[in-house]
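Presented below is the structure to which this report refers.
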Amino acid sequence: MLTDTPPRKANRAQFLDSDRLKTLDLPKDGRLPPITERIEEAMKAEKGPDVRRACAEFLEAASEFYKVPACRIRVLAARPRRVRERGTIELFGDYDPETMVIRVWMRTAVRKEITSFGTFLSTLCHEFCHHLDFKKFGFADSWHTRGFYERAGVLYHYARGTPLKTLFWVPVAGRRWRIDWQRTNRSGKNNVASS
């Protein structure tokens, strides 16, 4: 995961606010994990309409908790794949702030197999965090900052009921950051995702 380049002038303060905002409040009633289990069951059964219904329920419950307008979901088949000179790009999901629609793809681009549940849920949480950036935090844009990735991780681990990983970041060219996965994965400093 690579962060966006900070804007030079316009919206720079909001970008920095997003970078500093590293956590989210979480529902204390445990409302999301049971819905997450239904998404996983539907994916294992390869039932697209059931996956869509469970995702819609997840987004409705999350939107209600965060007091933002509910967004809609489209669960699509195989991920789009673009081959370019410098590599291949696959789109896992996206969010349109004007229509408030999240799109997630349920199948891999090449083999058309059901994607891993962790990847799918991570994408759903990621796209919902874009929704929160616009509707809860009032950002003019939704940048991929360190804070954004941290917030998406908090939501993912809470929804899945897994320990929250401490993310370690290293600077790269262009005033950007990337996750140091080796250090992150070997770190024994995991915290339980809590409310």
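What follows draws every value from the coordinates through simple rules; no lab data is involved. On a predicted model such as this, the values are computed, not experimentally measured, just so you know. Methodologically, a virtual Cβ is constructed for each residue, glycine included, from the backbone with ideal geometry; neighbour enumeration extends over all protein chains shown.
Among R72, R151, R20, rank each residue by its count of other Cβ atoms within 10 Å, from fewest to most, as a rough exposure measure.
By the 10 Å Cβ count, ascending: R20, R72, R151.
Using R₀ = 22 Å, calculate the FRET efficiency as 1/(1 + (r/R₀)^6) where r is the Cβ-Cβ separation of N185 and F117; round to 0.05. Intermediate results must be reported in sequence, preceding the final value.
Values: r = 19 Å, r/R0 = 0.86.
My answer for the efficiency is 0.70.
From Cα coordinates alone, what are the radius of gyration and Dmax values for the stretch 27-162 in angstrom?
Calculated on Cα positions, Rg and Dmax stand at 14.6, 49 Å.
Cut-off under 27 Å on the C-alpha distance; same-chain residues fewer than 8 positions from K9 excluded. Which lysines are left, in chain and number order?
K22, K135, K136
Going by C-beta contacts inside 10 Å, put F128, F65 in order with the fewest on the left.
Least crowded to most crowded, the residues run F65, F128.
Could you list M43, M1 so that the one with the fewest beta carbons within 10 Å of its beta carbon is first and the one with the most is last?
Lowest to highest Cβ neighbour count: M1, M43.
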